[in-house]
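The values are calculated or read from the model by the stated rules, or taken from the named source; none is laboratory data. Computed from a predicted model, the values in this text were never measured in an experiment. Because the Cβ atoms are built from the backbone with ideal geometry, glycine has one as well, and the counts that use them run over all protein chains shown. SASA here: full protein model, heavy atoms, side chains in, ligands and nucleic acids out. Shrake-Rupley method; radii C 1.70, N 1.55, O 1.52, S 1.80 Å.
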Amino acid sequence: GSATHWGPEIQFGRTLFRAGVRNVGIIKCGRGGGGNSYWLKGSSDDHMYRHVVEAVTNACATLTAAGDTFEIAGLLYLQGESDSASEAAVAGVLYKTLVDNLRTDLPHAGGMFGMIGGIAAAGTTRDIVRANQKAIADATSYIDGFSNLDLQFWTASDNLHFNKAAKL
């Protein structure tokens, strides 16, 4: 419902629609800022992990109640701009752990594929995030990723998040 708080999931959905895909749903689970450890199940502050599990489980319950069948096919992930140095050093491992945990904790997600959209914000810590996320994608058959460095100069006024043109 917000004219300003949407992300690359909108263009992803549009691309699928233009390709003729009609049996897809997108569940957005974003809020606030912070590092990737918020997505780590069992960490001292895993509120984002719990948020994702709750939101997706609720959406799945709605589908099931309506008699629909479904499979959670993928996780689109664009995170890491706010990682601390210690989080950056394990950004790839944190993402793989997230995918592995969600494959277990979400309904019908056993074969879920992970897709990392590379962060574009500049900085040494962010370079480490990118390198570690790329390494885990290269090493894991059910994870892939892509670079967004070509969008580095298309950030919002905070020099962190993508602007509208970059999202599209």
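General observations
- Index of the failed condition, residue 37 passing every other in (1) in contact with a Leu (Cβ under 9 Å, 6 or more places away or on another chain); (2) surrounded by 10 or more Cβ atoms within 10 Å (Cβ to Cβ); (3) not basic (Lys, Arg); (4) not in a helix (DSSP H, G or I): (4)
- Candidates 109, 135, 121, 131, filtered to the one that is at pLDDT below 95, within 16 Å of residue 77 (Cα to Cα) and either out of contact with any Cys (no Cβ under 7 Å at 6 or more places or on another chain) or part of a helix (DSSP H, G or I) (or both): 121
- Count - residues of the range 138-165 that are modelled with pLDDT of 95 or more and surrounded by fewer than 18 Cβ atoms within 10 Å (Cβ to Cβ): 6
- Lone unmet requirement of (1) in a helix (DSSP H, G or I); (2) more than 15 Å from the chain's Cα centre (by Cα); (3) surrounded by 13 or more Cβ atoms within 10 Å (Cβ to Cβ); (4) not acidic (Asp, Glu) for residue 95: (2)
- When residues of the range 53-92 are limited to those that are in a helix (DSSP H, G or I) and among the β-branched types (Val, Ile, Thr), the one nearest to residue 136 (Cα to Cα): 53
- Scope the range 102-130; condition of a type in the set (A, V, I, L, M) and open to solvent by 60 Å² or more (accessible area, probe 1.4 Å); matching residues: 122, 128
Table: residues versus (1) among the basic types (Lys, Arg); (2) within 23 Å of residue 52 (Cβ to Cβ).
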{"site": "84", "(1), (2)": "no, yes"}
{"site": "87", "(1), (2)": "no, yes"}
{"site": "91", "(1), (2)": "no, yes"}
{"site": "106", "(1), (2)": "no, yes"}
{"site": "148", "(1), (2)": "no, yes"}
{"site": "153", "(1), (2)": "no, no"}
{"site": "160", "(1), (2)": "no, yes"}
{"site": "167", "(1), (2)": "yes, yes"}
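- Filtered residues of the range 141-168 (kept if in contact with a helix residue (DSSP H, G or I) (Cβ under 8 Å, 6 or more places away or on another chain) and hydroxyl-bearing (Ser, Thr, Tyr)): 142, 147, 155
- Verdict on residue 49 being modelled with pLDDT of 90 or more, in contact with a Lys or Arg (Cβ under 7 Å, 6 or more places away or on another chain), surrounded by 12 or more Cβ atoms within 10 Å (Cβ to Cβ) and outside any loop (DSSP other than H, G, I, E, B): yes
- The selection criterion, being open to solvent by less than 60 Å² (accessible area, probe 1.4 Å), in a loop (DSSP other than H, G, I, E, B) and at positive phi, does not hold for residue 30.
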